[in-house]
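Some notes on the structure that comes next.
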Amino acid sequence: MRKKIFPIIVIIIGVICFLEGDFGDFVTLVLLITGIRLIYRGIKGRTVQKKEEMPILSSEKEDYYRELGMTDSEIDLFRETMNQSKNQIVRLQNNIKDNAKLKAIDLRHDMLKAAKALFKELVKEPTRLPEASQFLYTHLPNICDLTDNYIEINNHEVKSKEVYGKLEESAQIIDQMAALVVKDYQQFVANDLEDMDVEISIAKQNIEKDPDLSKQFSE
C-alpha cells in the first residue's frame, strides 16, 4: 500500500508545482525525496541483513543462559558479540590461508588456534565475557583489519620499495598482535591451569603416602 501512495503523492505535488510555475523546484524536490528514500531503504536493508545473520537462539541455549542468571540484555550482548567474533575469526582464517607470510606468523604463534580455543571457552562460560574484553573488542578486530589490509596491499600487481617496506612493517605488527591473542587465551585459562597444578600436587602427595602405590610408579 505504501508503495502505491508514494508515487501518487509525488504526482499531486508535481501537478501543483506545474500549475504555479515552480516545475524546476518540483524536479529538485523529487530528487531530494528519492535520495532520502534510497538512503532509508539502504539503512533498513542493512538492519534486516544484520538480524538475519544472527543465529536462532535455541530453547536449550536460552535455558542454559537463564540457569547462569543472565538477563535478557546480557544474553543479547553475549550473542551479538560472539556472532561478530565468529565472523572475525573466519575472516582471519581466510586471510591466513591466502598468504604465505601470514601462514608463517600463525605457525610461529598458533594465534588462530588460540582464538578458536578462547571462543570455545567463552561459549562454555558466557558469564566470563568481560574477562575477554581485550581479545573481543581490541586484539581480534585489530588483527583482522591488519591482515585485511596486508592482503589488499600484497595483491597490488606493481609494488614499489615503499610498498615492500610497509608490508614488512605491517607483518611485524601482525606478529606482535598474534602474540597478544595467544596471551589473551593463556590468561583466560590461567585459573584452570592453576587448578590442575593443585590437583596434580595433591595426587602426588597421596601417592607418596601410599608405599605400595608409590613403589608402582617408581618402577
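Just so you know, all these numbers are worked out from the coordinates, no wet-lab data involved. Quantities reported herein were computed from a predicted structural model and do not represent experimental measurements. Using ideal geometry, Cβ is built from the backbone for each residue, glycine included, and neighbour counts are taken over all protein chains shown.
Set the bar at 29 Å for Cα to Cα. Now go through Lys116/Lys159; Lys120/Lys166; Lys61/Lys103; Lys61/Lys113; Lys103/Lys166 and name every pair that lies beyond it. Too far apart for the 29 Å limit: Lys116/Lys159; Lys120/Lys166; Lys61/Lys103. Taking label points 7 Å from Cα along the Cα-to-Cβ direction, Leu68 and Glu121 give a separation of 1.4 nm.
Full extension of the chain between Tyr164 and Lys103 yields a length gain of 20.2 nm, computed as 0.36 nm times the residue separation minus the alpha carbon distance.
Highest mean packing first, where packing is the average number of other Cβ atoms within 10 Å per residue, the peptides 112-123, 157-168, 66-77 line up as 112-123, 66-77, 157-168.
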